[in-house]
Structure formats: C-alpha cells, structure tokens
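Coordinate-derived values only; no laboratory data. As the structure is a computational prediction, the values presented were derived from the model and not from experiment. Because the Cβ atoms are built from the backbone with ideal geometry, glycine has one as well, and the counts that use them run over all protein chains shown.
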C-alpha cells in the first residue's frame, strides 16, 4: 500500500503542514510512522484531509470541524473509517451521507425522512413508497423531475423546495450523490470498465462520471479504484 509523507500530503491537498498536524493533535487522524518516526499517510487519510479542507472552504470553522468529527466518531462502529462517508456543508449545517441515510453529526438528527406524506395530505404515492425510492429506481434520470412531482400531486417548484427542506439537498444533488455511491460499489467489484460503470450509474459518459466523482470524492474514479488494489 502506498504511503505519503507529510510534505506529499500537503502538496497533493494544497494544505499547510500546520493544518494537517492540527488534526493529528486533535486525535482524528492517526497516520502511521516509519522507522525514523516520520508521519506516513494512507490514501484514506488523504480523503479524510480532503473532506476537512472542503469544510474549511465552506466556512465551517476549524473548531466546529473538530467538534463535529468528535461527535461523528462516537456515532460510527469502531471499524468504520471516516473516509467511507461523504461529509459536506449545506448552508450552515454539516451533513453526512453513508450511502443509505443522511444525518447531521452535530445533533445525530437523520435527514432522509422525505416521504410524500410529509409534504402533502393528498399524495398519490402509497405510504410505503417514499420519494427517494422513485429517484433511486431512476438513476439514469429518464424520469423527469416533473413526473416525480406529479406523482406526489405537487408542482415542480414546491416539490423541490420541500425535498431540500426535508432532505437537506436538492433532488438532483441527492441523485448525483447516490450515483457516486453506486459507482463506488461497482468499482469495488472491478468487473466493469469506467465507461460501463458510468453508463450503469446514469452518467452521460465516462467524462461525466469522472467530473462528478472527482468533485464529490476528491480523486478520479480510476485513481480511487487503483488505491483499492494497493
């Protein structure tokens, strides 16, 4: 497995050494050390640092990041690494997505409770079929947002506002996040080419997959898959 020095990590992430060391001192990153006691970072460590950098760029204070990560570590099973999660800022709140549910680590409040019943009394969907299941079943995006809204008996604008208010992100961004998580699963399986992964997950082409995946995860899908084999 490839390991990175502090200088390499700082260069890759465009972060000062002092910021990287502050997270280590806070106890949320425990990199390995070589025989000379120099710090060595794994690929998962770099993903973690990338998340922290993105939160700082979204004007989440360093103190809040430390406090939030402390809370999040207590919420996760001991064997689960923070790099397995998608952590991002949505306005003033920090949201965590584990591929199945979304919640606020500060409070532990789950956000993925969007159901037609929560926004309209006369929804046409049966109670057992929440909106996110409709979106999940149409990763290719061939079911326009207008049709999803109509299925709930709502206008597109009201549906979009209600979805964002309940889930924390727009329907489109929620679907993109889901596509990235499904792409990760297919990359782990290793049977499909990047082009086929892109098409299977509803992206227009491999370039579209690479663009969205890199923006979300911090590295390209090809690099992410290669890191799994190291």
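Ordered by the count of other Cβ atoms within 10 Å of each Cβ, fewest first, 157, 220 give 157, 220. The distance from the alpha carbon centre of the stretch 13-71 to that of the stretch 207-230 is 20 Å, rounded to a whole number. Ranked by how many other Cβ atoms sit within 10 Å of their own Cβ, fewest first, the residues 47, 199 fall in the order 199, 47.
Per-peptide packing, taken as the mean over residues of other Cβ atoms within 10 Å, places 13-23, 178-188 in the sequence 178-188, 13-23 from highest down.
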